[in-house]
1. Are any residues in region A:322-351 closer than 18 Å to A:G142 by Cβ and outside any strand (DSSP E or B), and if so, which ones?
2. So B:A321 passes all but one of these: (1) touching a Phe, Trp or Tyr at 6+ places or on another chain (Cβ under 9 Å); (2) within 25 Å of B:A228 (Cα to Cα). Which condition number does it fail?
3. Test B:E31 against the criterion of being over 29 Å from B:A108 (Cα atoms) and more than 21 Å from the chain's Cα centre (by Cα), and give yes or no.
4. Among the residues of region A:305-326, are any in contact (Cβ under 8 Å) with a residue 60 or more places away in the chain and closer than 26 Å to A:A69 by Cβ?
5. If I ask for residues that are part of a helix (DSSP H, G or I), under 22 Å from B:L202 (Cα atoms) and β-branched (V, I, T), which ones from region A:166-203 would you list?
6. Check B:A35 against each of (1) part of a strand (DSSP E or B); (2) crowded, with 22+ Cβ neighbours inside 10 Å; (3) in contact (Cβ under 8 Å) with a residue 60 or more places away in the chain and name the one condition it does not meet.
7. Could you list, in sequence order, all residues of region B:253-308 that are on the phi > 0 side of the Ramachandran plot and out of contact with any Lys or Arg (no Cβ under 8 Å at 6 or more places or on another chain)?
8. Given (1) part of a helix (DSSP H, G or I); (2) more than 25 Å from the chain's Cα centre (by Cα); (3) not hydrophobic (A, V, I, L, M, F, W, C), identify the lone condition not met by B:T23.
2 protein chains.
Amino acid sequence: MADRKIRLGIAGLGRAFTLMLPTFTADPRIELVAASDLRDDARKQFENEFGARSYGAIEDLCRDPDVDAVYVATPHQMHAQHVAIAARHGKHVLVEKPMAIALDQCQAMIDAAKKAGVILVIGHSHSFNAPILHTRALIDSGAYGAVRMIHALNYTDYMVRPRRPEEMDTAQGGGVLFSQGAHQIDIVRLLGGGQVRSVRALTGNWDRSRPTEGAYSALLTFDDGAFASCTYSGYAHFDSDEFMGWIGEMGLRKDPSRYGAGRAALQAATNADEEAALKAERNYGGKNYAPSSHAVSPERLHQHFGTIIVSCERADLRPMAGGVMIYDDKEARLDPVPVPKVPRAEVIDEFYDAIVHGKSPLHDGAWSMATLEVCLAILQSAKTRAEVPTKHPIAVRT
Amino acid sequence: MADRKIRLGIAGLGRAFTLMLPTFTADPRIELVAASDLRDDARKQFENEFGARSYGAIEDLCRDPDVDAVYVATPHQMHAQHVAIAARHGKHVLVEKPMAIALDQCQAMIDAAKKAGVILVIGHSHSFNAPILHTRALIDSGAYGAVRMIHALNYTDYMVRPRRPEEMDTAQGGGVLFSQGAHQIDIVRLLGGGQVRSVRALTGNWDRSRPTEGAYSALLTFDDGAFASCTYSGYAHFDSDEFMGWIGEMGLRKDPSRYGAGRAALQAATNADEEAALKAERNYGGKNYAPSSHAVSPERLHQHFGTIIVSCERADLRPMAGGVMIYDDKEARLDPVPVPKVPRAEVIDEFYDAIVHGKSPLHDGAWSMATLEVCLAILQSAKTRAEVPTKHPIAVRT
């Protein structure tokens, strides 16, 4: 099907890679040719599994002439530096969300890609999910009128999953704004037209043993007068996937008997080192590593990031795991969206089309920098207790 | 059971009265002795149904020596004037929400009641609902730690129900802030401890033929650092009672085949007069009047005002139509709350206990004035696009 394959090098064999691996192995447009990681065990597993090369340093990965493009899935705070390296070696770059942890880093990444003439796409994030993109298409059809209000809600146990210490330090990109806001805000911007004008928000930092932001509520205003309310809790006991038909983030049915399993698992760790080890063991190359199950389930639906309700003039639109619920004057109906054969194929669609067919990607540097700006504005607004105007609003490319 | 009855006079036989009538007739602590209304038909029906007196003017009702207390259910903008009349005649007063439409009116009502030595309670509102009060009691128990964040969400067709013209004029108390915010904000204040410190909000005014606020999103900050996000849409096509197990506001199971019935009914009216007539006909004394069905259904559950999630330090609490869902570290369970035999008996509990047993009511004038202040702050914040501090924060009496 594919006229050519992208020979992909992986920078960072951690959690994000684990979740993208089913995509990379199943999508015929991708060939895994090399990887870099600091961990010997992870590199060894990669070499064995894919008959591919591996490196300790990302510089060496980027020097590999067989690599067309690099997937940067290193810790958030390293993204800018690693994108610069990849671009300097003429590699196209797919960078995991969040794009970076500061706006000057984003600008440097954009500049580096532009100077090198390489493609820069930021993803995966859940704004790539087909039901989100289909909701955007329904809005663009004009059938339901302008977007007036968006509501986004997600309650998870993000904060009680095993973490490395830096993931609990906001200055190093820790907390939910960088990791989780990057999903929710990107989705809300995509559906609201993109151009957020101002942000007012409160954040919650409620666990002394994990001193970073684990929850937020934010009000966003858009340039056309529309507004959005976004609420996220990573401390939640209530699981808002109840509102998504008990389909979890990865598109799989949730087992209610697993209630509280995350918190219980965390209690097995008595200090930060043990906790970091707990996380590492489950990662690629770790002794408790298991491939992500979302790729193989025959009942897999779309991935999602919680409840999203888009109120248009003549209908409410609600992306779900099976498609988009359209509530109009006459009826409520599910507009089904086919589940891609390869999970997260939407990311490869965008990256591949940009590299091979010259199509401008939706999730490019400028777009994703604007999402980070909103996430940073949420942190700032909560700190200053004031409205924060944005300086780099970017409209969605439709 | 009751040591004595409150002989109640009704001021205003409109929609609010219709919804309270099942309470007044079924609660043994209440005796309906008189009413006032401008409409002959409504007065006649009241006289026939209760063998009671009726008056055209509220002054005459308040002069009636058989009346102990007056239920003021006249249009919002008349509440202050009517409470003053009732108090002047030494009658205790139960005033429908919203308390009034301006803070000076509230203060005048408080002063009038104090000067006359009469009880002033503001209700019904859904913050009287037993699951809300039980959630408050669970918080007060200390078992779950401090309240950190509250989320409130309600999507209804409020704006497409038949209305009188004044109900679509914000200056006269029209729009969702006065009628619906009075429920949601009162609940959120009650669960958050009461003392809202500041408000940032956006409102939606999206229907040119109904030029008032029909939707809002608001961020409230509390004095102790907790915060709340409150979203309401009265334009909704999506019905958020889906999140309440398809139990509607009145505690009854919803029939999904009635989707869109409100909008369809409204289309029968071609102008404002016809629409007002449509509403009047369904009111007490009107030709299409039917008693509210919520009192008689054997399957009746608690009334509610949409999704409320209270995030405490060690649990999320979620008032539902059957009780309170408690999501703690170990399990998610429903803490059942018995449904009162008489719907909205909680209102009579508070009013009666204040009058007969001298117990200070929760929903007194100062409390309810603080709720109105937040609703007005939402309107102001949306207009000025700025944070609005409150001047009259009141703590919940626990």
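The values are calculated or read from the model by the stated rules, or taken from the named source; none is laboratory data. Treat the numbers as computed from the prediction; the structure is a model and nothing was measured. Glycine also receives a Cβ, built like all others from the backbone with ideal geometry; neighbour counts cover every protein chain displayed.
1. Our first condition is that a residue be closer than 18 Å to A:G142 by Cβ; within region A:322-351, this holds for A:324, A:326-330, A:335.
Scanning region A:322-351 gives A:D329, A:K330.
2. Unmet for B:A321, out of (1) touching a Phe, Trp or Tyr at 6+ places or on another chain (Cβ under 9 Å); (2) within 25 Å of B:A228 (Cα to Cα): (1).
3. Here the answer is no, as B:E31 does not meet what is asked.
4. Looking through region A:305-326, at least one residue is in contact (Cβ under 8 Å) with a residue 60 or more places away in the chain and closer than 26 Å to A:A69 by Cβ.
5. A:I185, A:I187, A:V188
6. Only one criterion is unmet by B:A35, namely (3).
7. So in region B:253-308, the residues on the phi > 0 side of the Ramachandran plot come out as B:260, B:285, B:306.
Across region B:253-308, the qualifying residue is only B:G306.
8. Going through (1) part of a helix (DSSP H, G or I); (2) more than 25 Å from the chain's Cα centre (by Cα); (3) not hydrophobic (A, V, I, L, M, F, W, C) one by one, B:T23 breaks only (2).
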